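Inspection log for the structure reproduced underneath, given as C-alpha cells.
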Amino acid sequence: PFIQYGAKTGKSYKEMKEAEKFLPGGVTANIKHFAPYPIVMNKGNGAWLEDVDGNQYVDYLMAYGSLALGHGHDDIKKAIQDQLFEDGTFLFGTPHSLETTFARKIKSYYPSMDKIRYTNSGTEATLLAIRLASAYTGKKKIAKFEGHYHGGYNEVLYSINPPLSEAGDEDKPNAVPESAGMDFYLDQKPLVLPFNQPDATEKLIEEHATELAAIIIEPVQGGFIPAEQQFMDRLRNVTKKHGIVLIFDEVKTGFRSALGGGQEIYNIKPDITTLGKVIGGGFPIGLVGGKEEILSISKPKAAGDVFDVGQGAESSAKEILFHSGTYNGHPTILAAGLATIQRLEQDFDATLAYTNTLREKIEDLGKKANVPLSTVGLGTIFSVICTRDSNIRHYRDLQKTNLELRKEMDFHLLNEGIYTKPLNRYSISTSHGEKELEATLNAYQTVLNKRLGG
Ligand code: PMP
C-alpha cells in the first residue's frame, strides 16, 4: 500500500518537506506525525476531509474525537456568528452570562459537578484537578493507570505507551517516563496502576494510601477500552475509604461514551471530573467540575481581596488555590460548545446507531474474508483490533494484537479514501450517514480482498 500512498499524496510529501524546514518533523504536535509522512489536509466538510492533492476521505479521526458534529457544522457557524454580532466583542475579560448558561447545561449531564471552572485545554484541566486534590488532601502523590493519557506535563507523562520490556510486572507496573527532559522531575513520579485489574489495583492503593492525594483515570481507556463495572465500583470504594480524591478524566469520553460520559455508564460519582474536546465544538477548551468542598478552594475569599499584583499574580493567600487564564470561559468557544451539545441532544442516538452498525459490518466483513478483525469501543468511539480474541481489557492486551496488520490495513484504507491516523481509533460524528457508511464498507470490502499480511 505504501507505493500507492506515495503516488496519491505527492503534494503532501512536498508540503511536509517544506514544513520540516520550519517545524521539527514538520508537525506542531508529535501525534500528528506518522511514517513515511502524514497527509496534509486543506478542507473539511461534514464527515469529509480533502487533502492538498484533492483526494477525498471519510474522516474518522474527527480531530481526535473533538468534532462531534463533523467539520464546519451550520449550527456552530450560526452560534459563533450570533455571539460575535450580538455581544460585539471577541473577549470580555470579565464575567459574562454564557459562563453560567454553559455551566448549567454541563451540570445537567454531569450531576457530580457541584461547581465548575473553565480552562483552555484538557491538559490544563487535569493539571488544575490534580492541584485541587493536593490542596484538599494536603498530600503530594498521585496515581494514574498504565496506558492512560491526561496531558503532556510531568506528573502524568508516565506509562502511556511504555515498551513492554520496560513496563515491569503486570500487577505492579513501572512508571516509565514518556519524554526526554523529565529527569528534573523524577520526584514527581506517579504510582502506576494496572487498569481493569481490581485486586492488583486495590493492593497498590492500600500500600500507598497515606501518600495519595488523587487517582486519575480515564473511565474508558483512550475512549475505547471500557472499564469493567466491578473494577470501577471497587476503585470508588477504596478511594472513598482512604479519602483519596477520585478524578475522572472525561476529556475524551465526555459526550461520547454517553452524553453524561463514563460516569453515566458506570453510575459512579467521581470527586472531580475533567472535560474538553467535544464541549469546545472544535475550539480549545477544558473544564474542571466537582464537589463543592473541593472546588471551593479556588473561591476568592471576599470581594476586594484579589489583587492584580505585578504580572498576573492573583493573590498571595496560600489557602486559596490559584486558578487563572486570560481566555478561560471564552465567549465564542462557549457558544460553539453549547451549539454542539444542543445538536447532540437531537442526534446522539443516531450517531450511536451509525457507530454500532459500522462496528458490526466491519466485523462481518472480516469474518467473511477470514481476516482476524474485531472492534472494541463504547458510545461513539471504537477501535479496530487485529485479533481473533476480542477480549481487550487494557494496554498490554492491545500490545499483543497484530499491530502490523492493522497498520497495513490503515494504509490501504487511506488509499481507498478512509481517513484515520494509522493505528488510531474511530470517532463518529453526527455528520456520518448512509453515504459515509456505504463508502466505508466498500473501502473495507476492497481492502479485505487484498492479500493482507503477506
Ligand atoms: N485527557 C484525555 C483523556 C485526553 O484524551 C486528552 C487529549 N487527547 C487530554 C487529557 C489533553 O487534552 P488537550 O489535548 O486538550 O490538552
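Please treat every number below as a calculation from the coordinates, not as lab data. Predicted, not measured: the structure shown is a model, and the values here were computed from it. Note: ideal-geometry Cβ built from the backbone for every residue, glycine included; neighbour counts use all protein chains shown.
Numerical summary
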{"read-out": "Qualifying GluC sites (Glu not before Pro) in region 213-278, DSSP loop, other Cβ atoms within 10 Å at most 16", "value": "Glu228"}
{"read-out": "Within the chain, percent of DSSP bridges classed antiparallel, to nearest 5", "value": "65 percent"}
{"read-out": "Simple spin-label estimate for Glu319 and Asn174 in nanometres, 7 Å along Cα-Cβ", "value": "4.5 nm"}
{"read-out": "Residues Glu86 and Leu164, FRET efficiency given R0 of 45 Å [Cβ-Cβ distance, rounded to 0.05]", "value": "0.25"}
{"read-out": "Footprinting exposure proxy for Thr420, Thr446 (fewest neighbouring C-beta atoms within 10 Å first)", "value": "Thr446, Thr420"}
{"read-out": "Antiparallel content of DSSP bridges confined to region 92-329, in %, to 5", "value": "50 percent"}
{"read-out": "Peptide ranges 208-216, 280-288, 353-361, 392-400 listed from the most packed, as the mean C-beta count within 10 angstrom indicates", "value": "280-288, 208-216, 392-400, 353-361"}
{"read-out": "Per-pair calculated FRET efficiency, R0 = 35 Å: Lys301 and Gln399 via Cβ, rounded to 0.05", "value": "0.10"}
{"read-out": "Using alpha-carbon coordinates, inclination of helix 331-369 to the longest axis of the chain, degrees", "value": "40 degrees"}
{"read-out": "Size-normalised alpha-carbon gyration radius of region 92-329, reference 2.2 N^0.38 Å", "value": "1.00"}
{"read-out": "C-alpha center-to-center spacing [region 1-19, region 394-454] in angstrom", "value": "20 Å"}
{"read-out": "Relative contact order (%) - criterion: Cα under 8 Å, at least six apart; region: region 92-329", "value": "26 percent"}
{"read-out": "Angle in degrees between helix 10-20 and the longest Cα principal axis of the chain, rounded to the nearest 10", "value": "30 degrees"}
{"read-out": "Relative contact order %, the chain, counting alpha carbon pairs below 8 Å whose residues are six or more apart", "value": "21 percent"}
{"read-out": "Rounded tilt (10° steps) of 198-208 against the dominant C-alpha axis of the chain", "value": "40 degrees"}
{"read-out": "Rounded FRET efficiency, nearest 0.05, which uses the C-beta distance separating Lys241 from Leu186 and R0 of 25 Å", "value": "0.25"}
{"read-out": "Per residue convex hull volume, Cα atoms of the chain, in Å³", "value": "159 Å³"}
{"read-out": "Anchor Lys11: lysines whose Cα lies under 29 Å away (excluding residues fewer than 8 positions away in-chain)", "value": "Lys21, Lys32, Lys43, Lys407, Lys421, Lys435, Lys450"}
